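A short write-up of the structure that comes next.
The values are calculated or read from the model by the stated rules, or taken from the named source; none is laboratory data. Source: prediction; values computed, not measured. Here the Cβ is made from the backbone with ideal geometry for all residues, glycine too, and neighbour counts use every protein chain on show.
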Amino acid sequence: MSENNAHAVSRRICASFSQQGLMATFGARVASVAQGQVVITAPLQPSTSQQHGFAHAGLTFALGDSAAGYSALTLMPADQEVMTAEIKINLLAPGKGDFLRATGRVIKPGRRLMIVSAEVHAVDGDTETLVAVLMGTMVPVAISTT
């Protein structure tokens, strides 16, 4: 990917991400964009915790799903968007610390289906704990002009 194309893809991902109200509610941000990979972070705060004080699984899932979906979007033409067809999550450990970091990756790109994954880590100072892995399928969809 050329440097100009990489910047265009990054701008596209960030523009789309900025339209997601749920991510704004979580205080999430795009940390990095590369071909086939997107990293999203969100602070751990009381409003996104469950009753034991850990990150709610809904936060973990939403971050992983978005990171995986945007990783697929990095490989799609400008006239297409992406939607999740299915995604599975395995929760491995409680999310505790300063923030969650979801790293989405394309496993196998395709014209009709894109197989993606995401790993979600809880970051607490210098300590990182893998809290979830996701595996899913994204479907390219035409951008609506109406």
Can you tell me how many residues within region 65-96 are in a strand (DSSP E or B) and either basic (K, R) or closer than 16 Å to F17 by Cβ (or both)?
5
Only one residue in Q50, Q35 is closer than 18 Å to S71 by Cα and surrounded by fewer than 16 Cβ atoms within 10 Å (Cβ to Cβ). Which one?
Q35
On the given criteria, is E81 over 10 Å from the mean Cα position of the chain (by Cα), modelled with pLDDT under 95 and of a type in the set (D, E)?
yes
Please go through region 24-82 and give me each residue that is among the charged types (D, E, K, R) and more than 17 Å from S117 (Cβ to Cβ), ordered by number.
R29, D79, E81
Count of region 97-118 residues which are part of a strand (DSSP E or B) and touching a residue at least 40 places away in the same chain (Cβ under 8 Å):
12
Could you figure out which of (1) at positive phi; (2) in a helix (DSSP H, G or I) isn't true of G53?
(2)
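For every residue, the table says whether it meets (1) of a type in the set (D, E, K, R); (2) buried (at least 16 other Cβ atoms within 10 Å of the Cβ).
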position: S71; (1), (2): no, yes
position: T74; (1), (2): no, yes
position: P77; (1), (2): no, no
position: D98; (1), (2): yes, no
position: M114; (1), (2): no, yes
position: T127; (1), (2): no, no
Residue, farthest from V9 (Cα to Cα), within region 39-63, restricted to residues that are within 11 Å of the chain's Cα centre (by Cα) and polar (S, T, N, Q):
T60
